[in-house]
Each structure stands twice: as structure tokens, then as C-alpha cells.
1. I'd like the full set of residues that are assigned to a strand (DSSP E or B) and either open to solvent by 60 Å² or more (accessible area, probe 1.4 Å) or touching a Leu at 6+ places or on another chain (Cβ under 9 Å) (or both), limited to segment 36-58.
2. Would you point out the residue of segment 31-61, among those that are β-branched (Val, Ile, Thr) and modelled with pLDDT of 95 or more, that is farthest from Lys75 (Cα to Cα)?
3. Looking at segment 70-83, which of its residues are of a type in the set (Gly, Ala, Ser) and open to solvent by 60 Å² or more (accessible area, probe 1.4 Å)?
4. Can you name the residue in segment 2-16 that is of a type outside the set (A, V, I, L, M, F, W, C) and closer than 23 Å to Gly101 by Cα and, of all such residues, is most open to solvent (accessible area, probe 1.4 Å)?
5. Based on this model, can you work out whether Arg19 counts as open to solvent by 80 Å² or more (accessible area, probe 1.4 Å), at pLDDT 95 or above, under 14 Å from the mean Cα position of the chain (by Cα) and basic (Lys, Arg)?
6. What is the residue count in segment 95-113 for residues that are within 13 Å of the chain's Cα centre (by Cα) and either modelled with pLDDT of 95 or more or not aromatic (Phe, Trp, Tyr) (or both)?
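The values are calculated or read from the model by the stated rules, or taken from the named source; none is laboratory data. This one's a predicted model, so the numbers in the text were calculated from it and none came from an experiment. All Cβ positions, even for glycine, are placed from backbone atoms using ideal geometry, and neighbour counts span all protein chains on display. Areas reflect the complete protein model, heavy atoms only, side chains present, ligands, DNA and RNA absent. Shrake-Rupley method; radii C 1.70, N 1.55, O 1.52, S 1.80 Å.
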Amino acid sequence: QVQFVESGGGLVQPGGSLRLSCAASTRFFSIVTVRWFRQAPGNQRDLVATITSGYTTNYADSVKGRFTISRDNAKNTVYLQMNSLKPEDTAVYYCNSDPLGSWGQGTQVTVSS
């Protein structure tokens, strides 16, 4: 199973930006579809963005035009660039493969003034 380590979260003001990183422990990273999820307190874990091995991307409607998912296969890492952040983006962000593997500890993103 692929294991992931998320990083890059923090506290940011509304309208600000953050870039999250997702490091994967697999030799086969280049063929793995990777997804970013987020979970706010009291809510279910929701899909945010997906990137396939062929670099096809998909986004939840709530983040389209603001978030960009990308990957660097040489670094076994997927990124989530988040711009124009809103308070409702506050959540713990996780990455995982498709099909799902083990969940990491996630990284907290807090958008607040």
C-alpha cells in the first residue's frame, strides 16, 4: 500500500494562498492516481481534487478556479496550490491514492482573519 505524508498547512487570512505537499512512498508513483480530500470538524471527508498518471485533473465545484493540483513524479510528490482562500476552506487536508490506501495524519488549513 502507498503511504502518504501531507505538509504545508497553516493559518492564512481570507484571500490568501497556501501550497500543500503530499509525499508518497512508492516506486510506482508515476502510475498512481492521487486525490486530495478535506474534512472540517463535524463533517464527512470530501474529495477536493484528483490528478491521474496522465495528468488529467478534476476538481470539486467549490474549489474550481481557485485550487490547482499538480504532480512531480521525480519527487514522488503531489501539490495542491490553493488561492483566494475562504473561511469555508478550513479543514484538515489529506491525500490518498485511487484505490484508497492508508490515510496519513493530514495537514491543518485554517482560513481566518
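1. Listed by number, the residues that qualify are Trp36, Phe37, Arg38, Asp46, Leu47, Val48, Ala49, Asn58.
2. Of everything passing the filter in segment 31-61, Val48 is farthest from Lys75 (Cα to Cα).
3. Ala74
4. That would be Gln3.
5. yes
6. 9
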